[in-house]
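Report on the following structure.
The values are calculated or read from the model by the stated rules, or taken from the named source; none is laboratory data. Note that the structure is a prediction, hence the values are computed from the model and not measured. Cβ: placed from backbone, ideal geometry, glycine included. Neighbour counts: every protein chain shown. When the accessible area is computed, the model is the full protein with side chains, heavy atoms only, and any ligands, DNA or RNA have been set aside. Shrake-Rupley method; radii C 1.70, N 1.55, O 1.52, S 1.80 Å.
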Amino acid sequence: MKMILDLDTGIDDGMALAYVLGSEDIELLGVVGTYGNVYTENGVQNVLNILEMCQAPSIPVYEGEKHAIKKSGFLRLEVSARIHGENGVGQVSMKKAQRRKEELSGVDFLISAVKKYKKDLVIAATGPMTNLASAIIKAPEIIEMMGPVVIMGGALTIPGNVTPYAEANISQDPYAAKLLFESGVDVTMVGLDVTQRSVLTKESTGKWRETGSVAGMVFADMVDYYIGEHDSSVGGCFLHDPSAVAAAKNPKWFQMLPMHMTVVTEGEAAGRTIGSQERLREGNPNVKVCIGVDDKAMEKDLDDTLQNLFIRCGKARED
Ligand code: BDR
Ligand code: CA
């Protein structure tokens, strides 16, 4: 499967990236960085650093949009700096990558990749939907060509995590999410309904550390920091962004409900992802909403995949 990731890296975005790198059935064509957990420039740098550390230095990295479509700037939330650390990767210091981002913009990269690979390309977005919406606005002809888009974002059956209504990625740019949902593109929504059901514990990070590779140790420190920011009742950390990769990789782990979804863009409930019964009765589902997950199967695959990736990274360094 050919994939592009659109990330606001971010600790769980970093885990999603590692999950893709370790999955032999996924060919990563490029990564677009966006704002959200971090400023776009920091997210791009984090991706470059992780790729080099994970022995994948040739995957191109593009800079995406820096703020929501209808806003003129972006101010990082204090809560993001707390949950992901000031540097976005849990205050863990990583070797700075030698190479830089590509010249082409993230939005233009998305447009050209869709035109080239069409339905064979899966785009997994785990930050705000601004880059995808901007690509659709700039080149609406790509709508017909686009393959599956899997997003981490939204909540259908449970409350949000930044307001009682809204999940973080959607709340950053509700207009972008609404545009994407209503565009006609094949969208799978992997929201809090499922991402808060899968948990990674310190048992896993302990195994990564034991691989002895730099990548294993850095990721273990990063994710331990993230676990520390969760309520102790969770027993680890939620697997928000890796769940989007898992849904692309193995949809069978997820129970999906075809819905007609839209997004509230104004007022107290801005960012709420909501299903319309009326539109659905017209026989018009536009989003597959994940409402159930085989959490054990997914957690095991993530755990095994990351452990094997870190073992491989250690071996490559020795060779
Ligand atoms: C989402 O918000 C970000 O903090 C995470 O990286 C994830 O994409 C969870 O609501
Ligand atoms: Ca994210």
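Got a sec to turn the phi values of the range 129-145 into Karplus ³J(HN,Hα) couplings, 6.51 cos²θ - 1.76 cosθ + 1.60 with θ = phi - 60°, whole Hz, x for Gly and Pro?
8, 4, 5, 5, 5, 5, 5, 5, 5, 6, 9, x, 5, 6, 3, 5, 8
With an 8 Å Cα cut-off and a minimum separation of 6 or more residues, compute the relative contact order for the chain in percent.
20
To the nearest Å, what is the center-to-center distance of the range 205-258 and the range 130-182, using C-alpha atoms only?
The range 205-258 and the range 130-182 have Cα centres spaced 22 Å from each other.
Using a 1.4 angstrom probe, figure out how much accessible area the range 183-284 has per residue, in square angstrom, rounded to the nearest whole.
43
In Å, what Kirkwood hydrodynamic radius results for the chain from the alpha-carbon pair distances?
19.2
Please report, in whole Å, how far the alpha carbons of the range 228-311 spread along each principal axis, starting with the longest.
50, 30, 20
Given a 1.4 Å probe and the protein chains all in place, what does the accessible area of D12 round to, in Å² to the nearest 10?
In the full protein context, D12 sits at about 10 Å².
Roll a 1.4 Å probe over the protein chains and send me the accessible area per residue for the range 1-137 in Å².
Here the residues of the range 1-137 average 39 Å² of exposed surface.
Give the longest segment of the chain that steers clear of trypsin sites (Lys or Arg not before Pro) in DSSP loops with at most 13 neighbouring Cβ atoms within 10 Å, not counting the sites themselves.
Value returned for the longest uninterrupted segment is 101-319.
Ignoring everything except DSSP H segments at least 4 long, calculate the 222 nm mean residue ellipticity for the chain; use -39,500 (n - 2.57) per segment, divide by total residues, nearest 500.
So the helix-based figure for the chain works out to -12500 deg cm²/dmol.
Per the 1.4 Å probe, what fraction of the accessible area of the chain, in percent, lies on carbon and sulfur atoms?
The computed percentage sits at 49.
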